[in-house]
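The values are calculated or read from the model by the stated rules, or taken from the named source; none is laboratory data. Please read all numbers here as calculations on a predicted model, not as lab measurements. In this analysis, Cβ positions are derived from the backbone assuming ideal geometry, glycine residues included, and neighbour counts consider all displayed protein chains.
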């Protein structure tokens, strides 16, 4: 019998043909209304341009399922991925760091095991999963994180966060260090306290220029708001109670209004 399949002694099988079809009639998906399925089931095609095409023209309506560990040297994704992805690594071109290009508007990250959290949005099934838009390229060339608040638990950043040259560093005890705001400046934020530190050079006649570091701490409690100014080099400190000062200012305004009233001519 003549055949285009050839067996070689070095354990190779060669098929001299364009298409390789795998077609089991009992596994075909029945045609649905207004949906045209190909009459073929072309699993592999030696395509134009010396390219290997899997599931040519989408002949298999159920798509392609790859099970087990998969290694892809160069990855280009044109359609949405379905199912869990443990690790996705792009291709390194000419020694540059690997990069993944996603030509789409939204990137959806959803853990199907978090059913209770997804149901909190009032949606179920695929609608709930698709509401988890992690990254979105919005009009105005703007990148939006957690678009629409789909992640009801919010966004958590672990480790340091750098934004436009400003570094937010969590200390692990509820405080955040912001450094630098400007050269020689730092900001620390914690529960009920904001500390601003600045270092400047001081020039005095007959004295070499020397640095002076000033810390200003804003403290907020249930009954007071205070600002403490402390110079590290001299050890001098000054505390300004804003609530007390405002009350004193109001008292002075009241006294001034009363004095003005006594100066006004009687009608």
Review point. So which residues in the range 14-30 are exposed (fewer than 10 other Cβ atoms within 10 Å of the Cβ) and either at pLDDT below 85 or touching a helix residue (DSSP H, G or I) at 6+ places or on another chain (Cβ under 9 Å) (or both)?
Key: 30
Practice item. From (1) surrounded by 10 or more Cβ atoms within 10 Å (Cβ to Cβ); (2) at pLDDT 65 or above, pick out the condition that doesn't hold for residue 90. Key: (2)
**Study point:** Checking residue 226 against (1) under 30 Å from residue 162 (Cα atoms); (2) at pLDDT below 85, the condition it does not meet
**Key:** (2)
Review point. Can you tell me which residue in the range 217-235 is farthest from residue 195 (Cα to Cα), limited to those that are assigned to a loop (DSSP other than H, G, I, E, B) and under 35 Å from the mean Cα position of the chain (by Cα)?
Key: 222
Revision key, fill the gap. If you go through 39, 113, 50, the only one that is modelled with pLDDT under 85, exposed (fewer than 15 other Cβ atoms within 10 Å of the Cβ) and assigned by TED's automatic domain parsing to the domain that holds residue 17 is 39
